[in-house]
Amino acid sequence: MEERLRNASIDELRDFLRGRFQEKGPWAADTGTRESEFPYDLPLELWRGADETLRRRITQATRDLVGEVPGEGWSADAVAWFAAFIDRADMVEAIPALQLAAEQGRWSKAPDDGPRCHMVALRTLLGLGWKGTPAFWHELPEEIAKRYPALAFRGLLAHDPTMESAFAHLPSVVGDEAGVMRIIDVLSPLVRRASTASVRQKLRSVFPKFTEDVQAEFQKWFDVHGWGSIAVEDTLP
């Protein structure tokens, strides 16, 4: 660890973080070596070993950078690396800045794949425990809602322990194999938390609203995971 980082000012930390995630300048990650590093590796090492004073400075530098997006140099990859650092550091102190950016749709205006950048902001917020409101998830821009259907699904699940509103939303955003795969990724931990039968029941209630191709894709992955037939009625306790 560079000792100068431990005593760096907020401005210096901001420059350090920006250089890491944009992969520019002296702080760029070494990705061409045999044991290449991820851009967030060194910032995470610094964060985990930081005392309270240094963490406050890193947090402020991070908040400042949240406000820089979608400025110059913030490619979709740079934004993704930056968000991964916030997520892996479990930096809940960054929630207000990220929430403001998400509610304003600011990251969605990034010239390099704005929808992906907006998705990354929302995914990070969900990972930090922010839930938004049901209306927020229902009102996502159509391009983002359909490209990343698991976003609203996860957000709605956080608000409704019955899971009904989350599953009711699926037919409006899942229209192809890629969309099914994104939902299956969320269903895997959901099955472990709830039960296979309850998940099947909720999906069965909206199944007729999907196209036949989407229905077949869902059933294919249920078969792969051993979750049973969606069409067969369950007897729930």
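If the chain between residue 232 and residue 24 were fully stretched, how many nm would it gain, using 0.36 nm times the residue separation less the Cα-Cα distance? Write down the numbers at each step before the final one.
Details: separation 208, 0.36 × 208 = 74.88 nm, distance 5.56 nm.
Gain on extension, residue 232 to residue 24, equals 69.3 nm.
Return the distance in nm (one decimal) between the two label points of a simple spin-label model at residue 68 and residue 41, each offset 7 Å from Cα along Cα→Cβ.
Going from the residue 68 label point to the residue 41 one covers 2.2 nm.
So if R0 is 35 Å, what FRET efficiency would residue 92 and residue 7 give, r being the distance between their Cβ atoms, rounded to the nearest 0.05?
On the way: r = 25 Å, r/R0 = 0.72.
That gives a FRET efficiency of 0.90.
Under unit Cβ charges (Lys, Arg +1; Asp, Glu -1), what dipole magnitude, rounded to 20 debye, does region 48-91 have relative to its Cα centre? Please report the intermediate quantities before stating the final value.
Numbers: 6 positive and 8 negative charges, 41 e Å.
With only Lys, Arg, Asp and Glu charged at Cβ, the dipole is about 200 debye.
Past the 27 Å Cα-Cα mark, which pairs from 109/220; 109/131; 146/209; 109/209?
109/220; 109/209
Compute the convex hull volume of the Cα atoms of region 1-128, divide it by the residue count, and report the result per residue in Å³ as a whole number.
Working: hull volume 12.9 nm³, N = 128.
Normalising the Cα hull of region 1-128 by residue number yields 101 Å³.
In terms of the ratio Rg/(2.2 N^0.38 Å) built on C-alpha atoms, what value belongs to the chain? Please report the intermediate quantities before stating the final value.
Details: Rg = 20.5 Å, N = 237, 2.2 N^0.38 = 17.6 Å.
The chain yields a ratio of 1.17.
Give me the number: length gained by fully extending residue 224 to residue 209, i.e. 0.36 nm times residue separation minus the C-alpha to C-alpha distance, one decimal in nm.
Details: separation 15, 0.36 × 15 = 5.40 nm, distance 2.26 nm.
Additional length available on full extension: 3.1 nm.
Using a Gaussian network model of the chain with C-alpha springs under 10 Å, which one of 218, 38, 16 is most mobile by mean-square fluctuation?
38
In whole Å, what is the distance between the alpha-carbon centres of region 190-213 and region 47-66?
After rounding, the separation between the Cα centres reads 42 Å.
If the chain between residue 143 and residue 51 were fully stretched, how many nm would it gain, using 0.36 nm times the residue separation less the Cα-Cα distance?
Numbers: separation 92, 0.36 × 92 = 33.12 nm, distance 4.22 nm.
Length difference between fully extended and current span is 28.9 nm.
So how strong a dipole does region 1-122 carry about its Cα centre when Lys and Arg Cβ are +1 and Asp and Glu Cβ are -1, to the nearest 20 debye? Walk me through the numbers before you get to the answer.
Details: 16 positive and 23 negative charges, 47 e Å.
About 220 debye.
Since every read-out is calculated from the coordinates, none of them should be taken as a lab result. From a predicted model like this one, the values you see are computed outputs, not experimental measurements. Glycine also receives a Cβ, built like all others from the backbone with ideal geometry; neighbour counts cover every protein chain displayed.
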